Amino acid sequence: MSFARPRRLLPAAALAAAASLLLAGCTSGGPAPAASGTPGGSAAGQAPVPAGVTPLEPLPTDQPAGLAPYYAQQLSWKACGADFECTSFKVPLDYAHPGDGHDIELSAIRKPATDKAHRQGSLLLNPGGPGGSAVDYVQSVASRYDANVRAGFDLVGFDPRGVGKSAPITCLTGERMDAYAATDITPDDQSEIDALVAVDKEFAAGCSAKAGELLGHVSTVEAARDMDVLRALVGDQKLAYVGKSYGTFLGATYAGLFPSKVGKMVLDGAMDPSLDSVTGNLTQAGGFETAWTAFAKDCVKREDCPVGRTEQEAGDKLAALFKKIDAQPLPTDTNRPLTEAQALTGVAEAMYAEALWPHLRTALATAQAGNGSGLLQLADEYYSRSEDGSYDNLMYANMAVNCVDLPASFADPAAVAAAVPSFEKAAPHFGRDMAWMALGCAYWPVKATGAPHTVRAAGSAPIVVVGTTRDPATPYAWAKSLAGQLEAGRLLTYEGDGHTAYGRHNACVDEAVNRYLLGGAAPENGKVCKD
């Protein structure tokens with residue numbers, strides 16, 4: 001999840017480019033060095049909850065009468081290619097006023113279990129974002145799930161409200177989105193601050209004009225309630241779920257609202273719901289810095305490393321490159337020059353997965369030689385920009401959900417400027433841009449309906465929380481905190497790099513999660529897996 005200008009998990013385009021990571025989800029952030037703590041051990045009490053943060057209260061167990069028609073729908077599954085089946089279902093726009101004629105139609109997909117005689121039910125998947133299409137994700141990753149998991153479960157995904165094929169939010173034309181992505185996010189003077197404010201306001205106004213009343217009803221709480229409707233419609237008494245990145249926030253929210261309906265739940269690349277948006281952004285900045293350090297350590301050992309032979313030299317050369325591009329954008333093989341904002345985004349994109357590090361080395365070498373095409377390609381992957389100049393709706397949904405889930409980080413540019421020093425201290429290479437990217441929600445046309453909270457999910461079945469120690473997108477500290485908040489949380493640690501762990505390349509993590517999904521035996525709390 002992003003707490004700032006749209007920042008997310010590993011983009012769909014990058015997933016296609018890094019096929020070995022197709023089980024990785026979407027979001028951004030990483031473990032702040034000072035907050036990540038020691039892997040393993042008891043999760044409880046390891047991350048103090050901020051004062052004044054209250055727990056998410058469960059919904060009443062008695063279903064409101066007005067929701068009965070939604071839970072009584074009959075799904076009509078139709079073939080939609082390569083052993084997949086698709087359907088749609090209706091949910092109320094506003095759960096406070098169900099049945100008022102303002103329903104939303106949500107799209108869903110499934111790959112049926114291959115062993116019908118031993119089918120355990122449905123396993124819902126979410127790749128993160130917010131804004132990632134679970135329909136597209138299931139189509140991409142279903143064949144890569146463990147054969148026994150595929151045998152025992154229908155793999156199911158639904159696009160949350162405002163996302164993908166479910167009443168998608170759109171905001172800008174491709175041309176204006178290009179301008180948004182290229183705008184300086186490390187402003188040096190008032191004119192550059194004014195330009196950043198202008199594109200943030202344009203983005204918000206575009207979303208308001210095109211999304212209308214839906215814009216105020218795309219919260220994670222509402223998406224979790226939609227997920228409970230789908231749980232019932234696929235015939236499951238309890239929810240089986242694997243969520244990546246922001247998908248962990250969605251899953252934890254579900255657990256908090258419906259603890260008695262949690263079956264088997266895996267939250268991989270966990271978010272910490274107790275954090276306010278400023279703290280979340282600050283921690284994410286530290287996470288990207290941690291990921292850059294890991295990249296630099298690996299790079300300087302290689303003959304083709306374009307940023308020097310020591311970690312200090314690598315950081316200095318990166319900063320110098322950003323400064324050079326800020327002064328004069330680099331030409332590319334397209335009609336779009338590479339701006340500093342896009343260079344920063346391109347480097348950040350490559351922090352999500354080790355599989356992208358070779359691409360980044362090449363892109364940095366090419367940029368130093370005067371051509372920004374490689375970094376521009378990475379930035380385009382991050383923003384889900386197609387070669388024809390169009391964008392999918394991920395970034396629009398990302399901002400819409402973020403801005404309604406938490407109050408804005410900053411009220412105005414002056415507040416950002418005051419916070420920049422703390423961001424730069426946490427992340428010398430990424431702090432300044434992540435501080436300024438957090439300004440977008442200040443101009444959002446609807447008020448936030450969410451607030452920081454803890455999730456206890458009292459009475460739930462065991463919930464497995466997976467944390468990667470050098471995750472660039474969701475800090476390891478967040479996994480420790482969430483596992484500690486959950487009454488039945490089980491922390492599973494992967495000591496390694498990259499965003500999320502399950503289904504990537506670690507047999508220890510995969511075996512622990514698959515055993516839990518298939519047999520219900522959750523790993524011992526504090527279990528640590530290494531390469």
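The values are calculated or read from the model by the stated rules, or taken from the named source; none is laboratory data. All values derive from a computational prediction rather than experimental measurement. Note that we place each Cβ from the backbone using ideal geometry, even for glycine, and neighbour counts take in every protein chain shown. Protein only, heavy atoms only, side chains kept; ligands, DNA and RNA dropped before computing areas. Shrake-Rupley method; radii C 1.70, N 1.55, O 1.52, S 1.80 Å.
In this simple spin-label model, placing a label point 7 Å from the Cα along the Cα-to-Cβ direction at both S422 and E213 gives a separation of 3.9 nm. Counting charges near G216 (Lys, Arg +1; Asp, Glu -1) among other residues having Cβ under 13 Å from its Cβ returns a value of -2. Three principal axis extents of region 271-313 based on alpha-carbon atoms, in descending order, are 44, 16, 11 Å. When Rg and the Kirkwood Rh are both derived from Cα coordinates, the Rg/Rh ratio for the chain amounts to 0.95. Reported value for region 40-147: 227 Å³ per residue, from the convex hull of its C-alpha atoms.
Listed cross-link partners K264/K297; K244/K323; K111/K264; K90/K244 are compared with a 27 Å cut-off, the Cα-Cα value being larger for K264/K297; K244/K323.
Charged side chains reduced to their Cβ positions (Lys and Arg at +1, Asp and Glu at -1) give the chain a dipole of some 1280 debye around its Cα centre. Computed over the alpha-carbon atoms, region 128-233 gives an Rg to Rh ratio of 1.12, Rh here being the Kirkwood radius from the mean inverse distance.
Backbone phi angles across region 206-218, fed through the Karplus curve with coefficients 6.51, -1.76 and 1.60 (θ = phi - 60°), yield HN-Hα couplings of x, 4, 5, 5, 9, 9, x, 5, 4, 4, x, 9, 10 Hz in residue order; Gly and Pro are listed as x. Grouping the Cα pair distances of region 425-498 into 5 Å bins from zero gives a pair-distance distribution of 3, 13, 15, 15, 17, 17, 13, 6, 1 percent in increasing distance order.
In the context of the full set of protein chains, residues of the chain present 35 Å² of accessible surface per residue (probe radius 1.4 Å, heavy atoms only).
Just to check, using Stokes-Einstein with a Kirkwood Rh over alpha carbon pairs, what's the diffusion coefficient of region 259-409 at 25 °C and 0.890 mPa s in µm²/s? The Stokes-Einstein estimate is 142 µm²/s.
Scanning residues 5 or more positions from M265 or on other chains, those with amide H under 5 Å from its amide H are Y241, V464, with H placed 1.01 Å from N in the peptide plane.
Spin-label pair Q312-A327: with each label point 7 Å from Cα along the Cα-Cβ axis, the two points sit 2.3 nm from one another. Between amide H atoms placed 1.01 Å from N, distances below 5 Å from R456 occur with L56, all of them 5 or more places distant or on a separate chain.
Note on A365 and E487: their simple-model spin labels are 5.7 nm apart, each label 7 Å out from Cα toward Cβ.
With all protein chains in place and a 1.4 Å probe, the accessible surface of the chain carries 52 percent carbon and sulfur. Would you mind checking which residues have amide H under 5 Å from N393's amide H? H placed 1.01 Å from N; only 5 or more apart, or other chain. Amide H to amide H, under 5 Å and 5 or more residues apart or across chains, N393 pairs with G164.
Using the Karplus relation 6.51 cos²θ - 1.76 cosθ + 1.60 with θ = phi - 60°, the per-residue 3J(HN,Hα) values for region 461-470 come to 5, x, 10, 8, 10, 9, x, 9, 5, 10 Hz, with x marking Gly and Pro. Averaging 1/r across all pairs of distinct Cα atoms in region 329-441 and inverting the result yields a Kirkwood radius of 15.5 Å.
Its alpha carbons considered, region 152-308 gives a radius of gyration followed by a Dmax of 20.5, 59 Å. I need the fraction of alpha carbon pairs in region 386-528 separated by more than 21 Å, rounded to a whole percent. Summing the P(r) tail past 21 Å for region 386-528 gives 61 percent. Let me check I've understood the local charge: for D100, count other residues with C-beta under 12 angstrom from its C-beta, Lys and Arg +1, Asp and Glu -1. What total comes out? Taking every Cβ under 12 Å from that of D100, the sum is -3.
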